[in-house]
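For reference, the structure discussed in these notes is given below.
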Amino acid sequence: MNRHWLLVLLMSLFFTKTFGQNVSNEGTDFWAVFPTHVPSGGFNGNIAIFVTSKSSSEVTVTCGSATPITKTIPANTAVRFDVPRADAYIDRVTDANRVLTNRGIHIKVADGKPKVSVYAHIYGRARSAASLILPFETLGQTYYSMNFTQTNGGNNFLTLVAVEDNTKIILHEKNGNKIPITLSKAGDAYEYLASGTEDLTGIYVETDPETSSCKRFAAFSGSSVIGIVCNNSQDPLFQQLYPTNSWGKNYGVVPFINRKYILRILAQEDNTSVTYNGITQVINKGKFFIESGTLTGSTFITADKLISVAQYALSQDCSSANGGGIIGDPEMVILNPIEFNIRGVTVFSSNLEAIQDKYINVLIKTDKISGFRYNGVVPTTAWIPLSGNPLYSYTQITVDNESVTLTADDGFNAIAYGFGDHESYAYSAGTNLSSNNYVTVFNSTKNEEGQNGCVGETYNIKITLPYQPNQISWSLDNEATILQNAPILLETKNLPDGTSVYTYESPYTKSYTTKGKHSLDVITFLPNASSCISGEVATNYTFNIYDLPTAKFDPLVGCAGTDVKFTDLSVSNSDLTITKWLWDFGDESTPSTEQHPLHTYTKAGKYFARLTVSTEYNCSNTSELVEININPQPISDFDVSGLCTSKLIKIIEKSTIENPGTIVKWTWDFGDGSTPSTEQHPIHQYSATGSYTITLTTESDKGCVSVVKSKTVTVIDPQSADFELPGFCLADGVARFKNTSKNADGSTTGLTAQWTFTFNNAIVATSTDFDGSFTPTATGDYIAALIVKNGDGCEMSKTLTFTVNGDVKTADFEIINDHSCVSENIMIKNTSTVFTGKITKIEIYRDFGNESSIYKTIPYPDNNEVFILNYNTFGGTTDRTFNIRLVAYSGENCFKYSESQTLTLKPVPQLVFDDMAPVCDADGTVLITQAKQKVGEEMNGPPGVYSGDGMRADGTFNPKIAGLGPHTITYTFTGDNGCPNSISNTITVYKSPVADAGTLIYILAGGQIEIPATAEGTNLKYEWSPAVGLNKTNVLNPIASPNEDTEYTLTATTQPEGCVTTSKVLVKVLQAINPPNTFTPNGDNVNDTWIIKYLESYPNATVEIFNRNGNRVFFSNGYKIPFDGNYQNEPLPVGVYYYIINPRNGRKTITGPLTIIR
């Protein structure tokens, strides 16, 4: 598994009184090791050491007889050292379980150079593992191994490296056996390799308390290759162990994103009470550890004594939190307790070895989330309360960059990890570890302390010791020695491992004006000897004083209401990194702690801002006041009306700006996909109805842009504009016009009208009534114009010519087709006239004197227009007459009646057509007689005629020709007067069934047979007759067993149509079986089997055949397979055999001879 690995640069940004007792993973002296691993596909792995530093440094890496490698370490850059495999690798076959001389890998910072962080990466084809490497001062004397249940193919290991000469170590095996190990030189190593699949978790290792109690050594554990939960893919595990004094009591566990994980919890004391996921368990030290099941959520672990916790990622095929697989592979990361958190870390990552997704898990106190920064910016990922302890929250951040810096105002814990296809890495992003001997410089003004200080600050210098001396001798920077016969004890602290440390105040209070490195030589005097220290102890401490940074940024010009970008131009003036920013924007707003903040000033004016920056160790400086000029922001505003389709909308622009600004640019977006307008007073119309959002953005001559002003409008179809003209003559007086205008929804709400009446190009009247009116004074053509406006201000207009008529001159008409059949359209032509103008209306009475109502009204008829009249039909043999009269109008009060004219109409046949029963297509022809004249209204004339699909001239209907389905049959009768009439009705043709009862059937007397009838049709009903000798009469295939020859008839009927067909079959009854007495089974396909006709009608009959010795050579129950002359698949010899046929139906057994001839 080619794997990506991550380099982490620790940047311990803030050292306060709370964290002074811990030492980070930065240092100047490190030891690593290249433990055993199982190669993949025969490709041996290698090891690379990666070194990072916050400041430019220099490092030398040595191992065995390899040539030392010295490289410069640029600030915030990961530098790679390749260590020769031949000098460093521990082979599991030849090197395990023995002392290996000079096999450790030594990483050493050049004297006087800044501290560094170190990481080791073991890599090879399909194999990868990485670990954070701890500096010398964080190492201890006691460790417990952390491993996992071993799968086949690999081994657990625990590898030890001496960091001091003459180190004696005792390894306690699980069976109680003790293995003494002597490492004579720093760099000597010993790898304890488990046997088979033994799990080494809980193995205890310590320095020999008799000879090496004060010696330190490094310990590493893991597996040469392993699968976790599922074994489809494997990978090595490799982590440097934390000494037991750096274990903790409280751990927050954050899941690998979208993945399952497993926990192991290890105690160093018996009767340790551990609680997680609401369950409390008591475990003893070492091998009696807790292992969780597979987990997917976060959890909080707390114990009453020190514990170590490891988190494991699963093999790819079973690692998804939702079940199944997700990219990744096995990993082990030893977690840091909440007690040993950090405040800053820089993570370097690479995309080598096919890593696709990279993440960082961060855990911090919930009330301190606001102070956390990712690359100087508040992260956008969600914070989730930690399950089991909501005082803490976590986030999971996706990493895209190769370098990521995490900072916070309070301590946090973090792990970095990544996944690819069967690829993964995971380890602690950095830690603080327990230390019991160090120097601090204390700033009493700021109540801060740390390992180093800053120019211009006053410090008290203190040391912390793991013992209590009775005298201390001090010398700072080679000044005269000061002896304290009564050292000043400031504080006693109890550490998590049960030991204590003691802090003493030096006689020095210093304020430094220049940067530099300072040396403190201390000689302590112990009244009583101990196992580690006795008599005088001389120690040299060093600390640095750093220059203050320069806080700087440029003056800015911005706009009110708009983000102003502040760019930090500060310089650190030292190797330290600026880690904190505090911006005062001069407008009494909340200060910002971002490096390059955005700030919005709400009002225009002149402001004075300042910036305070801090490096590590809180070296701070504040800039001079910087002028910020904020110009006024325009305020966009507008009104809009006239929102109708295909009409220009009305826009009133009302934007404003404070002095001295001037609006010089307008940008309109009408929300309909049209090109935006930059006019101050734009013109626009919408082509479709709907809801639209109109936006306006304005810009001043200073480049200040307004907040977007938006209004959502509804565009409707405009109202219709229309009206009705009155039929009007001069004598009518007032002409009244009906306004029929409507909104698009059909209402008239909000509509107003403006009428204008013009005669001979002169306006003679106006009106604002909804229905217009005026009084004409002369006949002739007037122009009536209507403008209708809706509530949104949309206008629509309509103009019509209005004629003022004179009186009716004549009212008359002509009958065009007198003496027609009553069924025809009767046409009359209008010949009415007026003196001036035109006829406005014609009213027609079709039988004046007999019908009082008006038959038809024709508005504004044309000259000589033909009107159609229809009369109620009638039959019989007598014509009828009708009186036609019309009234001609030229206005409401101007009209004239015509003279009546007589119309003569002939009768037509009155017909009825009764319903016709459905027919079946096999029924043959059907005579159709259902159509006839109504009784009492008969006419003389020739016989009527039928027509339609399948009809013949003789009145018969052939369903076969017509086809299946409904058919329309029409009957036409013409009277002697030449007047015809027709009537139609429908006949339906159904499909007839088809049945075949079969051919002649033979059975033996007393036998039975199923009649092999077949039938086709829809939902058939069956009936057999006669019923004698049948088991059933209503099925298609009954069993027949007549005693004499019988002819059976099958009737099949479709349901529900009722189409019927019949078929007959004769069943002949033979009175005796007549088996042949010979057959010739010679393979010529003629008479090769013994055929007994009609024996199948005895379905239960048995047939037996015996040879002349009485041996049975054939038996059959029923005779479906006839005898073929073989016995046990061998041909029987020719000769005479004897048969017995038992009908088994009460009839006599038949016997006789049977001769086989070949």
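The values are calculated or read from the model by the stated rules, or taken from the named source; none is laboratory data. Not measured: the values here are computed from a predicted model. Neighbour counts are summed over all protein chains in view; Cβ atoms, including those assigned to glycine, are modelled from backbone coordinates with ideal geometry.
Counting only strands (runs of 3 or more DSSP E) that sit completely within region 1-90, those holding 1 or more residues that are among the hydroxyl-bearing types (Ser, Thr, Tyr) and modelled with pLDDT under 90 correspond to 22-24, 46-52. For beta carbons closer than 6 Å, sequence separation of 6+ or different chains, a first residue in region 84-98 that is assigned by TED's automatic domain parsing to the domain that holds Cys63 and aliphatic (A, V, I, L, M) and a second that is surrounded by 18 or more Cβ atoms within 10 Å (Cβ to Cβ) and outside any strand (DSSP E or B), the qualifying pairs are Ala88/Cys63; Ile90/Pro35; Ile90/Thr36.
Tell me which residues, restricted to region 482-528, are closer than 30 Å to Asp111 by Cα and free of Cβ contacts under 8 Å to residues at least 24 places away in the same chain. Step through it out loud before you land on a result.
Going through region 482-528, the residues closer than 30 Å to Asp111 by Cα turn out to be 482-483, 501-525.
Once the filter is applied, which keeps residues that are closer than 30 Å to Asp111 by Cα and free of Cβ contacts under 8 Å to residues at least 24 places away in the same chain, region 482-528 yields only Leu483.
Taken over region 490-517, residues that are aliphatic (A, V, I, L, M) and exposed (fewer than 12 other Cβ atoms within 10 Å of the Cβ) amount to 0. Restricted to region 148-246, the set of strands (runs of 3 or more DSSP E) holding at least 1 residues that are charged (D, E, K, R) and within 49 Å of the chain's Cα centre (by Cα) comprises 235-240.
Scanning region 1087-1123 for residues that are in contact with a Pro (Cβ under 9 Å, 6 or more places away or on another chain) and without any contact (Cβ under 8 Å) to a residue 24 or more places away in the chain, we see that the one that is farthest from Ile1073 (Cα to Cα) is Asn1087.
Scanning region 272-291 for residues being touching a residue at least 24 places away in the same chain (Cβ under 8 Å) and either out of contact with any Asp or Glu (no Cβ under 7 Å at 6 or more places or on another chain) or buried (at least 16 other Cβ atoms within 10 Å of the Cβ) (or both) gives a total of 13. Suppose the filter is modelled with pLDDT under 95, surrounded by fewer than 13 Cβ atoms within 10 Å (Cβ to Cβ) and of a type in the set (Ser, Thr, Tyr); does Ser195 pass it? The answer is yes for Ser195. If the condition is being over 30 Å from His599 (Cβ atoms), of a type outside the set (D, E, K, R) and in a loop (DSSP other than H, G, I, E, B), then region 627-662 contributes Gly642, Leu643, Thr645, Ser646, Ile649.
Any residue that is over 30 Å from Lys603 (Cα atoms) and among the hydrophobic types (A, V, I, L, M, F, W, C) - is there at least one of those in region 687-710? Yes - at least one qualifying residue is present in region 687-710. For region 294-313, a tally of residues being assigned to a loop (DSSP other than H, G, I, E, B), surrounded by 19 or more Cβ atoms within 10 Å (Cβ to Cβ) and out of contact with any Phe, Trp or Tyr (no Cβ under 7 Å at 6 or more places or on another chain) returns 0. In this structure, Leu786 does satisfy being among the hydrophobic types (A, V, I, L, M, F, W, C), within 60 Å of the chain's Cα centre (by Cα) and closer than 26 Å to Asp717 by Cα. Taking the numbered list (1) hydrophobic (A, V, I, L, M, F, W, C); (2) touching a Phe, Trp or Tyr at 6+ places or on another chain (Cβ under 8 Å); (3) surrounded by fewer than 16 Cβ atoms within 10 Å (Cβ to Cβ); (4) within 30 Å of Ile928 (Cβ to Cβ) in turn, Phe913 passes all entries but (3). For region 1126-1142, check the following and say yes or no: at least one residue is outside any strand (DSSP E or B), modelled with pLDDT under 90 and closer than 23 Å to Ala1005 by Cα. Checked against the condition, which is being outside any strand (DSSP E or B), modelled with pLDDT under 90 and closer than 23 Å to Ala1005 by Cα, region 1126-1142 yields no hits at all. As for region 1008-1018, it holds at least one residue that is of a type in the set (A, V, I, L, M), surrounded by 15 or more Cβ atoms within 10 Å (Cβ to Cβ) and part of a loop (DSSP other than H, G, I, E, B). The single residue among Ile868, Ile828, Ile858 that is part of a strand (DSSP E or B), of a type in the set (A, V, I, L, M, F, W, C) and under 23 Å from Thr779 (Cα atoms) turns out to be Ile858.
Checked across region 1066-1083, the condition of being outside the structural domain of Ser1116 (by TED's automatic domain parsing), touching a strand residue (DSSP E or B) at 6+ places or on another chain (Cβ under 6 Å) and closer than 30 Å to Pro959 by Cβ holds for no residue. Checking each residue in region 1050-1091 for being part of a strand (DSSP E or B) and of a type in the set (Val, Ile, Thr) picks out Thr1051, Thr1053, Val1060, Thr1061, Thr1062, Val1065, Val1067, Val1069, Thr1078. Determine whether region 783-800 contains at least one residue that is buried (at least 16 other Cβ atoms within 10 Å of the Cβ), in contact with a strand residue (DSSP E or B) (Cβ under 9 Å, 6 or more places away or on another chain) and of a type in the set (Lys, Arg). Scanning region 783-800, I find at least one residue that is buried (at least 16 other Cβ atoms within 10 Å of the Cβ), in contact with a strand residue (DSSP E or B) (Cβ under 9 Å, 6 or more places away or on another chain) and of a type in the set (Lys, Arg), so the answer is yes. Collect the residues in region 198-214 that are under 25 Å from Asp29 (Cα atoms) and at pLDDT below 90, keeping them in residue-number order. Correct list: Pro209, Thr211, Ser212, Ser213, Cys214. Under the condition of being of a type in the set (Val, Ile, Thr) and surrounded by 17 or more Cβ atoms within 10 Å (Cβ to Cβ), which residue from region 82-98 is nearest to Ile122 (Cα to Cα)? My answer is Val83.
Comparison of Gly837, Gly791 shows that the only residue that is without any contact (Cβ under 8 Å) to a residue 60 or more places away in the chain, more than 17 Å from Ile884 (Cβ to Cβ) and assigned to a loop (DSSP other than H, G, I, E, B) is Gly791. Within region 775-788, restricting attention to residues that are assigned to a strand (DSSP E or B) and of a type in the set (A, V, I, L, M), the residue that is nearest to Leu725 (Cα to Cα) is Ala784. For region 262-286, which residues satisfy the criterion of being part of a loop (DSSP other than H, G, I, E, B) and either closer than 25 Å to Gly176 by Cα or small (Gly, Ala, Ser) (or both)? Matches in region 262-286: Gln268, Glu269, Asp270, Asn271, Gly278, Asn284, Lys285, Gly286.
Thr645: of a type outside the set (Gly, Ala, Ser) and either under 17 Å from Asp587 (Cα atoms) or surrounded by fewer than 15 Cβ atoms within 10 Å (Cβ to Cβ) (or both), yes or no? For Thr645, the condition - of a type outside the set (Gly, Ala, Ser) and either under 17 Å from Asp587 (Cα atoms) or surrounded by fewer than 15 Cβ atoms within 10 Å (Cβ to Cβ) (or both) - is not met.
For every residue, the table says whether it meets (1) over 23 Å from Ile265 (Cβ atoms); (2) β-branched (Val, Ile, Thr).
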residue: Asn284; (1), (2): no, no
residue: Lys287; (1), (2): no, no
residue: Thr294; (1), (2): no, yes
residue: Thr302; (1), (2): no, yes
residue: Ala310; (1), (2): no, no
residue: Ala321; (1), (2): no, no
residue: Gly324; (1), (2): yes, no
residue: Thr366; (1), (2): yes, yes
residue: Ile369; (1), (2): yes, yes
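Given the condition under 23 Å from Thr1014 (Cα atoms) and surrounded by 15 or more Cβ atoms within 10 Å (Cβ to Cβ), answer yes or no: does some residue in region 1083-1094 qualify? Walk me through it before giving the result.
From region 1083-1094, those under 23 Å from Thr1014 (Cα atoms) are 1094; that's our starting set.
From the residues that got through so far, the ones that are surrounded by 15 or more Cβ atoms within 10 Å (Cβ to Cβ) too are 1094.
Yes, the conditions are met somewhere in region 1083-1094.
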